[in-house]
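Some notes on the structure that comes next.
The values are calculated or read from the model by the stated rules, or taken from the named source; none is laboratory data. Being a predicted model, the structure only gives us computed values, none of them experimental. FYI the Cβ positions are ideal-geometry reconstructions off the backbone, even for glycines, and counts take in every protein chain you see.
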Amino acid sequence: MATGIQRHVIPSPDDRIVVIRGKRVILDRDLAELFGVETKYLNRQVRRNLNRFPEEFLFSLSPNERNELVTNWHRFNRLKHSSALPMAFTEHGVAMAATILNSPRAIQMSIFIIHAFARLRQVIDTHRELLEHFRQLEERVDGHDVALRSILEAIRHLIDPATQEKQRPIGY
């Protein structure tokens, strides 16, 4: 017997963050879904408040960028035949979008999304630290290679005297 209560599973924003132009962004359709509104409603509100969205908060994708998304991810197949180019929201753009929508769900999801961006930053910083440690280790190992080669060469000379250079006797 149905009680009329529907469970709504909120999709994870971690899966929706993509890197475009070197920035981590969420596309307008994914953000609208997370906020629980239609994409056209989100875009209309953004156009009405463009002065709140500088370029580092929001940008439109180029046709080539859209085609690359469609080619690389199946979930963007619906964009293939769309006449409008998607908008990409950075972390700050997500926070600003929540303020113009001003619904309880938008506010809740903006906090959730900002936490996802923060987790991504933390993971990237961890990888950056690991890469630096590997680089330092490689430098140390490269120095050891030269030292080991000279030690092995000295051992070869001690083991096989025939490989030693003939030296002229002193005095004659």
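Overview of values
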| read-out | value |
| --- | --- |
| Yes/no for Ala88 being more than 21 Å from Ile113 (Cβ to Cβ) and among the aliphatic types (A, V, I, L, M) | no |
| Positions within region 52-100 being of a type in the set (S, T, N, Q), under 12 Å from Ile20 (Cα atoms) and out of contact with any strand residue (DSSP E or B) (no Cβ under 7 Å at 6 or more places or on another chain), in sequence order | Ser62, Asn64 |
| Among residues of region 97-125, those that are of a type in the set (S, T, N, Q), out of contact with any helix residue (DSSP H, G or I) (no Cβ under 8 Å at 6 or more places or on another chain) and either part of a helix (DSSP H, G or I) or touching a residue at least 12 places away in the same chain (Cβ under 8 Å) (or both), counted | 2 |
| Subset of region 22-31 [farther than 20 Å from Val123 by Cβ and outside any helix (DSSP H, G or I)] | Leu27 |
| Scope region 89-110; condition modelled with pLDDT of 80 or more and within 23 Å of the chain's Cα centre (by Cα); matching residues | Phe89, Thr90, Glu91, His92, Gly93, Val94, Ala95, Met96, Ala97, Ala98 |
| Some residue of region 67-76 being surrounded by fewer than 10 Cβ atoms within 10 Å (Cβ to Cβ), under 30 Å from Glu33 (Cβ atoms), assigned by TED's automatic domain parsing to the domain that holds Phe53 and modelled with pLDDT under 75 | yes |
